[in-house]
Amino acid sequence: MSGRWGWLDGLRAVAVLLVVYAHLTRYVFTDLRAVTGEWLHAGPAGVMLFFLVSGYIIPASLERHGDLRAFWISRALRLYPMYLVAIAAVVLLGGYTTSQPVTAAAGHATMLPFLLDVPLVTPVLWTLSYEMVFYLLVTALFTVRLHRASGPIAVLLAVLAVATAPLAGPRPGLVPLAAVVLMIGLGLVVSRRRATSVAGGLLLGGLVVALLAIGQDPAHRWDGLLIVAVMFTGTAIYRADRGQTGWWPAILAITVVAGALLANWIAELHALGAVTPRYVARSVITLLVFGGAFAIGRLCRERRTPRWLSLIGVLSYSIYLIHHVLIQIGHRFLESALPGPVIAGCYLSAVFGLSRLTHRYVETPAQLLGRRARARQDGVSEPTRLKETL
């Protein structure tokens, strides 16, 4: 991404480097991790920064495309090819086995496996379930013309998160039902007919609400709703930046969501009997790191992003998926007796080298295909485009 959005690539780079650091230091430089881990949750800081960036850019994507069919073509071809490559690599190399392959395949096909109680092929896929939740919510709001209410929605989700946490339902087997509802809902919203689009939006919105209410994994029973609130906070900031709303909804969302994150994180520490000054400070520092990084990036958005940082940001999706695939299939190398710098150097070279290849031969062709598909659609179906302006 270049031009006025280049600063977001820089933020993606910071986010993915934090995540890679969190996972790699479980094997090498463990002494460094022992020190930094007492003061910063690097992994959560990285993924929360990713969520803020997604919340900011997704409405811009929807605005650029102008209708839901083009938006979903773009999202599908942006996410699924590399997602499927990562899954295939783990499965083919023997890194994943399951007694219910059909259910696992269907759950991963929805990109909602984390909320459907499906064992993940690779652990980092949990974030993509929340990405998909956000896309579905944005779609639902677009169909009923509530897409500009990002700030109030972020506040509502934050309040609900504090009021209901810890939120972990029975998580029944919902894969077949969720897959059917998702296909029907998406089919309706891309129809470009007002009535069916609204019906599809309501169906998708109902699916998301149900999954957020009863599908939270125990690992995120304290902050599952807050993840979505963070994304809508990013959208509220985008709306204010573009002059589509005033700044008060964004400021309110930032304040309430930040307070809710701290409240729930400290409540989780209390539940674990771990409320100490150091761990409370760690929660505050983690919030300041990802929130501060986003603020700095936005303030510097008119400046040129360093080339190396921009490149990492462009490759960030491949890096995010590949880095943990290599950990799964190469953990014996990471646990070997070789010096830490040698292990880290070989590992990072493999991650960045493979990421450049997959970006060039998987991500880029898929995105070009998406642009061509949208161009063909725009040439023949503009009169039937959903009459809605962001």
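The values are calculated or read from the model by the stated rules, or taken from the named source; none is laboratory data. Model, not experiment: these values are computed from the prediction. Cβ sites come from the backbone with ideal geometry, for glycine too, and all protein chains shown count toward neighbours. Surface accessibility is based on the protein's heavy atoms, side chains included, excluding ligands, DNA and RNA. Shrake-Rupley method; radii C 1.70, N 1.55, O 1.52, S 1.80 Å.
Details
- With Cα atoms as the point set, the radius of gyration and Dmax of the range 100-229 evaluate to 14.5, 41 Å.
- Farthest positive-ward along the range 275-380 dipole, Cα basis, beta-carbon charges - from Leu321, Gly340, Leu309: Leu309
- For the pair Leu252 and Thr164, the difference between a 0.36 nm per residue extended length and the Cα-Cα distance amounts to 29.6 nm.
- Rg and Dmax, both from the Cα atoms of the range 100-145 and both in Å, are 12.1, 40.
- Per-pair calculated FRET efficiency, R0 = 25 Å: Ser61 and Arg360 via Cβ, rounded to 0.05: 0.70
- Student exercise, the range 67-200 dipole from Lys, Arg, Asp, Glu Cβ charges, in Debye to nearest 20: 540
- DSSP-loop trypsin sites (Lys or Arg not before Pro) across the range 302-341, with at most 15 other Cβ within 10 angstrom: Arg303, Arg304
- Point-to-point label distance, Ile296-Val144, nm (Cα→Cβ direction, 7 Å offset): 4.0
- The range 182-319 shape via C-alpha gyration tensor axes, a/c threshold 1.5: oblate
- Equivalent-ellipsoid semi-axes of the range 241-297, from the Cα gyration tensor, Å, largest first: 28, 13, 6
- Were the residues from Arg332 through Leu156 laid out at 0.36 nm apart, the gain over their Cα-Cα distance would be 58.8 nm.
- One way to sum up the overall shape of the range 53-105 is the equivalent ellipsoid from its Cα gyration tensor, whose semi-axes run 32, 12, 10 Å, largest first.
- Within the chain, longest stretch free of exposed GluC sites (Glu not before Pro) [DSSP loop, at most 15 other beta carbons within 10 Å]: 39-301
- Largest-first ordering by accessible area, 1.4 Å probe, given options Trp308, Trp39, Trp265: Trp308, Trp39, Trp265
- When the convex hull of its Cα atoms is projected in every direction, mean area for the range 149-206 (nm²): 5.3
- Difference of contour (0.36 nm per residue) and Cα-Cα distance, Trp308 to Ile184: 40.4 nm
- Rounded to the nearest 0.05, the FRET efficiency derived from the C-beta distance between Ala274 and Leu369 at R0 = 41 Å is 0.25.
- A viscosity of 1.306 mPa s and a temperature of 10 °C, combined with the Kirkwood radius over C-alpha pairs in the Stokes-Einstein formula, give the range 1-143 a diffusion coefficient of 93 µm²/s.
- Pairwise Cα distances in the chain exceed 33 Å for 30 percent of all pairs.
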